[in-house]
1. Taking the residues in the range 112-132 that are over 23 Å from GLY148 (Cβ atoms) and surrounded by 20 or more Cβ atoms within 10 Å (Cβ to Cβ) as candidates, determine which candidate is nearest to the chain's Cα centre (by Cα).
2. Can you name every residue in the range 150-160 that is out of contact with any Leu (no Cβ under 8 Å at 6 or more places or on another chain) and in a helix (DSSP H, G or I)?
3. Does any residue of the range 183-196 turn out to be surrounded by 16 or more Cβ atoms within 10 Å (Cβ to Cβ), more than 30 Å from VAL123 (Cβ to Cβ) and under 17 Å from the mean Cα position of the chain (by Cα)?
4. In the set VAL112, VAL116, VAL128, which member is among the aliphatic types (A, V, I, L, M), over 21 Å from SER184 (Cβ atoms) and either out of contact with any strand residue (DSSP E or B) (no Cβ under 9 Å at 6 or more places or on another chain) or modelled with pLDDT of 95 or more (or both)?
5. How about the range 346-365: which of its residues are under 25 Å from the mean Cα position of the chain (by Cα), assigned to a loop (DSSP other than H, G, I, E, B) and surrounded by fewer than 15 Cβ atoms within 10 Å (Cβ to Cβ)?
6. So which residues in the range 153-171 are surrounded by fewer than 19 Cβ atoms within 10 Å (Cβ to Cβ) and in contact with a strand residue (DSSP E or B) (Cβ under 7 Å, 6 or more places away or on another chain), if there are any at all?
7. Taking the condition farther than 22 Å from VAL123 by Cβ and either in contact with a Phe, Trp or Tyr (Cβ under 9 Å, 6 or more places away or on another chain) or outside the structural domain of PHE139 (by TED's automatic domain parsing) (or both), does PRO71 pass?
8. Where residues in the range 62-84 are modelled with pLDDT under 95 and more than 22 Å from the chain's Cα centre (by Cα), which of them is farthest from ASP260 (Cα to Cα)?
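The values are calculated or read from the model by the stated rules, or taken from the named source; none is laboratory data. Everything numeric in this text was worked out from a predicted model, so none of it was measured. Virtual Cβ from ideal backbone geometry, glycine too; neighbours counted across all protein chains shown.
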Amino acid sequence: MNDVPFDSPDPSDSSDSSSAANTHPPGHPATHRPEGDGAHPFTRLTPECVLDALDSVLAPAGQRTDGRLLPLNSYENRVYQVGVEDGPPVVAKFYRPERWSDEAILEEHAFVAELVAREVPAVPARVVEARTLHAFDGFRFAVFDRRGGRAPELERSDTLEWMGRFIGRIHAVGGQAPYVARPSLDIRSFGYEPRDFLLESGFVPDDVRPAYAAAAALALEGVERALEEAGDVRQLRLHGDCHASNVLWTDAGPHFVDFDDSRMGPAVQDLWLMLPGGRADATRVLSDLLAGYEDFCEFERRELLLIEPLRTLRLIHYAAWLARRWDDPAFPAAFPWFNTQRYWEARVLELREQIGAMQEPPLSA
């Protein structure tokens, strides 16, 4: 969940890592919504379907699944650890129908492969029969090697500097070419469109809607002012959802997972999600991150003006993301507090707090 001035990527040539290994199957359409009786498409993704899909990919390499299947923590897509006969388990990601085009998914795969080729620790999709994106029974999926790790110790300065170095290395590669098929993190797609959806879809209760509309309007005005003040900030390919849960730590250091929200945007988007609450602590953590980051990539300090505006956009976008996914049975089960009176009243207070936060001086580092 998952990437500002937020220009669209230039239609220039992409990295050569998007080679024949990322050619999707012939006749493979851009969106795949399995036919059914009106139920959510993922209800058709049974354990048998998952195992059969994996066998269709593993069989050419002489491998088969062994029947073990463990759902992993993912809501946007469906992700499973799958046991393999005479080998280590693999991870299979089944993409949410109609979210990304094939081309957008393949651009993400190509970017991660490019990072790995530059020795940046990430987990690429496996290439099987010259493809990283596969299709089975109307679902699209990719297969990854299973990588273990623990949560990073973000209270330690040396860990933060190490994290900063690797984010800097991601951005050093990400700045070399733009995305063409994947979108940008911008105020339209992360602010105005989700705000309008929430107000027009009936999710916000009638008695809260005027207050939410007023708070969102003022908050987006604050974002607009910050974007104007920051000026023409450099756009690059980002991780897009770079928080501690998407980093696995080993004795050899971090490796980054889940580039599903990768998009074009400002560098600070991959830094601010690591910051704790409280200005003093956030300043300390930011300084440590940048100490490592700038070993590999220059950071423009005017991007610090965008931290609170980006937080504001994320809050609006997140509420709309939950609303748009509410027909997926996994969401009411996982987020029972969503769409209650108390939830929407809290969103109004949250946006009012952000209006104030955007008026304060930015962090310094």
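1. In this case the residue turns out to be GLU114.
2. Hits for the range 150-160 are SER157, ASP158, THR159.
3. yes
4. On the way: VAL112 fails: over 21 Å from SER184 (Cβ atoms); VAL128 fails: either out of contact with any strand residue (DSSP E or B) (no Cβ under 9 Å at 6 or more places or on another chain) or modelled with pLDDT of 95 or more (or both).
Going through VAL112, VAL116, VAL128 in turn, just one is among the aliphatic types (A, V, I, L, M), over 21 Å from SER184 (Cβ atoms) and either out of contact with any strand residue (DSSP E or B) (no Cβ under 9 Å at 6 or more places or on another chain) or modelled with pLDDT of 95 or more (or both): VAL116.
5. none
6. Passing the criteria: only TRP162.
7. Numbers: farther than 22 Å from VAL123 by Cβ: no; either in contact with a Phe, Trp or Tyr (Cβ under 9 Å, 6 or more places away or on another chain) or outside the structural domain of PHE139 (by TED's automatic domain parsing) (or both): yes.
No: the conditions fail for PRO71.
8. GLY62
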